[in-house]
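Report on the following structure.
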Amino acid sequence: MDNLKDTGAGKTAGSQVSLQSLEHLTREIPELAPALEEIEARWPKEEYSPELLAHKFSAFVKKNMEPEEALSLLIQAAAELTRKEAPDWEYIAAYLLLVHFRINLREEDKKHGIGSFYDRLRYLTRENLYGSYIMEYYSREELEEAGGLIDEKRDLLFNYAGLDLLLSRYVIRSRQNIPLESPQEMFLGISLHLAMKEQKDRMKWVKRFYDMLSTLKVTMATPTLSNARKPYHQLSSCFIDTVPDSLDGIYRSIDSFAKVSKFGGGMGLYFGKVRASGSSIRGFKGAAGGVIRWIKLANDTAVAVDQLGVRQGAVAVYLDVWHKDLPEFLALRTNNGDDRMKAHDVFPAVCYPDLFWRLADEAIDSDWYLMCPHEILAATGYALEDYYGQEWEKRYWDCVKDERIPKRVLPIKDIIRLILKSAVETGTPFTFNRDTVNRANPNRHRGMIYCSNLCTEIAQNMSPVEALEQRIETVDGETVVVTVTKPGDFVVCNLASLSLGKINVSDRSELTFLVRCAVRALDNVIDLNFFPVPYAKINNLRYRPVGLGVSGYHHMLAKNGISWESEEHLAIADRVFEWINYAAIEASCDYAEEKGCYEYFPGSGWQTGSYFEMRGYCSDEWRRLREKAAAVGLRNGWLIAAAPTSSTSMISGTTAGLDPIMNRFYLEEKKNGLVPRVAPELTPSTYWRYKNAHYIDQKWSLRAAGIRQRHIDQAQSINLYITNNYTLRQVLELYLLAWKSGVKTIYYIRSKSLEIEECEVCSS
């Protein structure tokens, strides 16, 4: 780096001292000098001058510092130089962090005799940090061939925040917390796992999976990134269970949640079948304690099963808007009232039929009737929650008229007030529009969808696990008790995301290729997964559901010069998501032709064509695909679900999920220093395209969500952003617009003054 040695005219005494400090460090760490020269060549502009780095570094320098500590401070200096006018310092900081990491990894490799990728796999497998299955499935020749795929230059695609996160949480570490693989080796290890059971062209798929991951164009869900290649390979993010109305059933659901949480999964629990407070138990009136007691049990389980101390468990609890315990449910997380009725660590969500929103829109002063599902079942012989649409509405009014069924009557406007008060105060309840979801369900011939998952993007058939009998048997001379259960539909979904900001979305061929690779990888996850509960495995193999989503949505708009509040936004959303959907369905058809279709394909909307009819897919291109689907089947029962992607979007250096950004630039305080967070590809031209989420007219967000929903067979994790200036009426209008636009779910209401907990479980 020539400028380091330039102490001639024009240099102040201070800058000379600063440069000398940096030059001294390059002598202590020889690997640093070529890195600094490369930085200077890549970023020649004045705002990235070596003098600026040297000057900032000199402020951190202390006497008698160890070289490693000094290098860490140099990295921090580069990170803190990041600003709106010079955003690329976050990439310079990442480059320096990479130098530091590689030096340490090289030292570890010397200790353990690691000289190649194959050596690393042998060592990690021997230490039980890698699953033995990789070495068992692949020959030495194949693994050495795989090692040749590694492209270290792709490490330069990371920004500082992304690389720091990846190195601290995702690469394999020793039991002493020392990193033992590089980012590229991590991506390759994941790819080897995902392609492991491919019967044909296996190394071709290894390369494709590696390329899509290492170029940061596709990200797998956090559990997949973390656990693929490891001994305990729980690869799924999202689970959903239907809680039965029985003591054994409730505790079975809580037990399942604990096991899911133990292995890093998030959970959605539907409590709509559980009897309300004051209902009867075995004919004894007023004996039931209601759903709040059981939700508190889920709350305590979330806190107790803390995922190896990394984070506490996470669970969303869903209840129908007509359930008798609704008012208490809506107060679960608020700060006023009886604390014995609170559950601050769960995430409440409400399931709404069309009727509720229609009355809220047209007759807000009308009454709404809250009833107990058990009392309805006892009086009528049917479960009201098992229906949707017109049939549900007819039975609801029948129940209202039935004098045998006790009611709790509140005006619609009072219920809405409770909902909105909770939403503004706590960000919850989440919203699940059950009629919209079930009408659009391509597998409605096989069941109902009662609720969604923790992040509201999953919409799949559900039914409770049912205990059939307990019997005493003798096994190997020992007396054992065998419990026989009917598995029901215990939902699990496997997630990945297309990083739209990293992809040329005008190039349909590139988008199609990446979709096909991602769907293949997700389908493989189903067969490779370690399932924390057996019910999840059974259901996953029956439906083979996957959830391909997106990140970098705002990034995509900004880099293409499109404002959020524009018709151009709606047009590109429609085009891109239609292409994604078409490619995903086509890929699933091709994979079904190769490997077989999912068990419940016969009679589905995919086979009958109703899926295509409902969405107005009537072009020649779509007609041909419809005919192909009917002829060969689909490999996967569901294909598209847009998750929040908080942490994985950070790794890929793009915007989170479908959300607009909240800040173009800020410095995030971490325990080891400040971490710059910059809107991706921030330039004078993109600056004004990155409008703050809270100042965007949310109607544009909902209109776009409605357009995207046509192409998404499951749901989307959509946040609404409001300021303190919003009235409750204005917030209600957003809910109504979402419903009218065909939006299936709403995640958080993010008030400008409200701190919201980010979901890391479902990030993909």
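The values are calculated or read from the model by the stated rules, or taken from the named source; none is laboratory data. Keep in mind it's a predicted model, so treat the numbers as computed, not measured. Cβ atoms come from the backbone with ideal geometry, glycine included; neighbour counts cover every protein chain shown.
Any idea which of Leu332, Leu370 is outside any helix (DSSP H, G or I), closer than 16 Å to Gly278 by Cβ and either hydrophobic (A, V, I, L, M, F, W, C) or touching a His at 6+ places or on another chain (Cβ under 9 Å) (or both)?
Going through Leu332, Leu370 in turn, just one is outside any helix (DSSP H, G or I), closer than 16 Å to Gly278 by Cβ and either hydrophobic (A, V, I, L, M, F, W, C) or touching a His at 6+ places or on another chain (Cβ under 9 Å) (or both): Leu370.
Within region 157-172, which residues are touching a residue at least 40 places away in the same chain (Cβ under 8 Å) and farther than 15 Å from Ile75 by Cα?
If we filter region 157-172 for residues that are touching a residue at least 40 places away in the same chain (Cβ under 8 Å), which is where we start, we get 157-167, 169-170, 172.
Within region 157-172, Leu157, Leu166, Arg169, Tyr170, Ile172 meet the criteria.
For Ala258, state whether it is touching a Lys or Arg at 6+ places or on another chain (Cβ under 9 Å), aliphatic (A, V, I, L, M) and surrounded by fewer than 24 Cβ atoms within 10 Å (Cβ to Cβ).
Criteria not met by Ala258.
Thr431: in a loop (DSSP other than H, G, I, E, B), at pLDDT 95 or above and under 30 Å from the mean Cα position of the chain (by Cα), yes or no? So that I can check it myself, show each step before the final result.
Details: in a loop (DSSP other than H, G, I, E, B): no; at pLDDT 95 or above: yes; under 30 Å from the mean Cα position of the chain (by Cα): yes.
When the stated conditions are applied, Thr431 does not pass them.
Of the residues Arg252, Arg282, Arg202, Arg208, only one is at pLDDT 95 or above, assigned by TED's automatic domain parsing to the domain that holds Met341 and of a type in the set (Lys, Arg); which? Full working, then the answer.
Numbers: Arg282 fails: at pLDDT 95 or above; Arg202 fails: assigned by TED's automatic domain parsing to the domain that holds Met341; Arg208 fails: assigned by TED's automatic domain parsing to the domain that holds Met341.
That would be Arg252, the only listed residue that is at pLDDT 95 or above, assigned by TED's automatic domain parsing to the domain that holds Met341 and of a type in the set (Lys, Arg).
Only one residue in Phe209, Phe257 is over 30 Å from Tyr123 (Cα atoms), in contact (Cβ under 8 Å) with a residue 24 or more places away in the chain and part of a helix (DSSP H, G or I), so which one is that? Outline the logic, then answer.
Working: Phe209 fails: over 30 Å from Tyr123 (Cα atoms).
Only one candidate qualifies: Phe257.
If Arg340 satisfies all but one of (1) farther than 26 Å from Met448 by Cα; (2) buried (at least 17 other Cβ atoms within 10 Å of the Cβ), what's the number of the condition it fails?
For Arg340, the exception is condition (2).
Given (1) among the small types (Gly, Ala, Ser); (2) in a strand (DSSP E or B); (3) modelled with pLDDT of 95 or more, identify the lone condition not met by Ala467.
(3)
Filter region 416-428 for residues that are of a type outside the set (S, T, N, Q) and assigned to a helix (DSSP H, G or I) and give the result.
Restricting attention to region 416-428, the residues satisfying the condition of being of a type outside the set (S, T, N, Q) are 416-421, 423-425, 427.
Across region 416-428, the qualifying residues are Ile416, Arg417, Leu418, Ile419, Leu420, Lys421, Ala423, Val424, Glu425.
Determine, yes or no, whether Ile405 is more than 19 Å from Thr745 (Cα to Cα), in the same structural domain as Phe271 (by TED's automatic domain parsing), in contact with a Cys (Cβ under 6 Å, 6 or more places away or on another chain) and outside any loop (DSSP other than H, G, I, E, B). Outline the logic, then answer.
On the way: more than 19 Å from Thr745 (Cα to Cα): yes; in the same structural domain as Phe271 (by TED's automatic domain parsing): yes; in contact with a Cys (Cβ under 6 Å, 6 or more places away or on another chain): yes; outside any loop (DSSP other than H, G, I, E, B): no.
So Ile405 does not fit the description; no.
With the condition kept exactly as written, say whether any residue in region 491-505 is at pLDDT below 95 and part of a loop (DSSP other than H, G, I, E, B).
For region 491-505, residues at pLDDT below 95 and part of a loop (DSSP other than H, G, I, E, B): absent.
Quickly run through region 32-58 and pick out the residues that are over 38 Å from the mean Cα position of the chain (by Cα) and under 19 Å from Leu97 (Cβ atoms).
Residues satisfying the conditions are Ala33, Pro34, Glu37, Pro50, Leu52, Ala54.
Residues in region 547-568 that are assigned to a helix (DSSP H, G or I) and either crowded, with 22+ Cβ neighbours inside 10 Å or in contact with a strand residue (DSSP E or B) (Cβ under 7 Å, 6 or more places away or on another chain) (or both): how many? Even if it seems obvious, please write down each step before you answer.
In the first step, residues of region 547-568 are kept if they are assigned to a helix (DSSP H, G or I); the result is 553-559, 567-568.
If we keep only those that are either crowded, with 22+ Cβ neighbours inside 10 Å or in contact with a strand residue (DSSP E or B) (Cβ under 7 Å, 6 or more places away or on another chain) (or both) too, we end up with 553-558.
Residues that pass the stated criteria total 6.
Exactly one of these conditions fails for Ala314: (1) touching a residue at least 60 places away in the same chain (Cβ under 8 Å); (2) within 17 Å of Arg275 (Cα to Cα). Give me its number.
Answer for Ala314: the failing condition is (2).
Only residues that are among the aliphatic types (A, V, I, L, M), in contact (Cβ under 8 Å) with a residue 60 or more places away in the chain, surrounded by 24 or more Cβ atoms within 10 Å (Cβ to Cβ) and part of a loop (DSSP other than H, G, I, E, B): list them for region 624-676, please.
Leu639, Ala641, Ala643, Ala656, Leu658
So in region 173-188, with the set limited to residues that are in contact (Cβ under 8 Å) with a residue 60 or more places away in the chain and in a helix (DSSP H, G or I), which one is nearest to the chain's Cα centre (by Cα)?
Leu188
Out of (1) assigned to a loop (DSSP other than H, G, I, E, B); (2) out of contact with any Lys or Arg (no Cβ under 6 Å at 6 or more places or on another chain), what's the single condition that is false for Trp700?
So the condition that Trp700 fails would be (1).
Do you know which residues across region 339-361 are of a type in the set (Asp, Glu) and part of a loop (DSSP other than H, G, I, E, B)?
Looking only at region 339-361, we keep the residues that are of a type in the set (Asp, Glu), and these are 339, 345, 354, 361.
Passing the criteria: only Asp345.
Here are some residues: Ala287, Ala276. Which one is in a loop (DSSP other than H, G, I, E, B), surrounded by 17 or more Cβ atoms within 10 Å (Cβ to Cβ) and out of contact with any helix residue (DSSP H, G or I) (no Cβ under 6 Å at 6 or more places or on another chain)? Steps first, answer last, please.
Values: Ala287 fails: surrounded by 17 or more Cβ atoms within 10 Å (Cβ to Cβ).
Going through Ala287, Ala276 in turn, the sole match is Ala276.
Does Trp397 count as crowded, with 19+ Cβ neighbours inside 10 Å and in a helix (DSSP H, G or I)?
Considered against the rule, which asks whether it is crowded, with 19+ Cβ neighbours inside 10 Å and in a helix (DSSP H, G or I), Trp397 comes out as no.
Keeping to region 536-546, report how many residues are under 19 Å from Glu457 (Cα atoms) and either surrounded by fewer than 18 Cβ atoms within 10 Å (Cβ to Cβ) or hydroxyl-bearing (Ser, Thr, Tyr) (or both). It would help to see each step written out before you state the result.
Step one: filter region 536-546 for residues under 19 Å from Glu457 (Cα atoms), giving 536, 539-540, 543-546.
Narrowing further to those that are either surrounded by fewer than 18 Cβ atoms within 10 Å (Cβ to Cβ) or hydroxyl-bearing (Ser, Thr, Tyr) (or both): 543.
The qualifying residues number 1.
If I go through region 203-215 residue by residue, how many of them are of a type outside the set (D, E, K, R) and either surrounded by fewer than 22 Cβ atoms within 10 Å (Cβ to Cβ) or out of contact with any helix residue (DSSP H, G or I) (no Cβ under 8 Å at 6 or more places or on another chain) (or both)? Steps first, please.
Step one: list which residues in region 203-215 are of a type outside the set (D, E, K, R), which gives 203, 205-206, 209-210, 212-215.
Among the residues that remain, those that are also either surrounded by fewer than 22 Cβ atoms within 10 Å (Cβ to Cβ) or out of contact with any helix residue (DSSP H, G or I) (no Cβ under 8 Å at 6 or more places or on another chain) (or both) are: 203, 205, 215.
Of the residues in that region, 3 qualify.
Which of the residues belonging to region 126-149 are buried (at least 16 other Cβ atoms within 10 Å of the Cβ) and either under 29 Å from the mean Cα position of the chain (by Cα) or of a type in the set (Gly, Ala, Ser) (or both)?
Within region 126-149, Leu129, Tyr130, Gly131, Tyr133, Ile134, Ala146, Gly147, Leu149 meet the criteria.
Suppose we filter Asn104, Asn64 for residues that are surrounded by fewer than 18 Cβ atoms within 10 Å (Cβ to Cβ), of a type in the set (S, T, N, Q), farther than 23 Å from Gly147 by Cα and outside the structural domain of Ala195 (by TED's automatic domain parsing); which single one remains?
Numbers: Asn104 fails: farther than 23 Å from Gly147 by Cα.
That would be Asn64, the only listed residue that is surrounded by fewer than 18 Cβ atoms within 10 Å (Cβ to Cβ), of a type in the set (S, T, N, Q), farther than 23 Å from Gly147 by Cα and outside the structural domain of Ala195 (by TED's automatic domain parsing).
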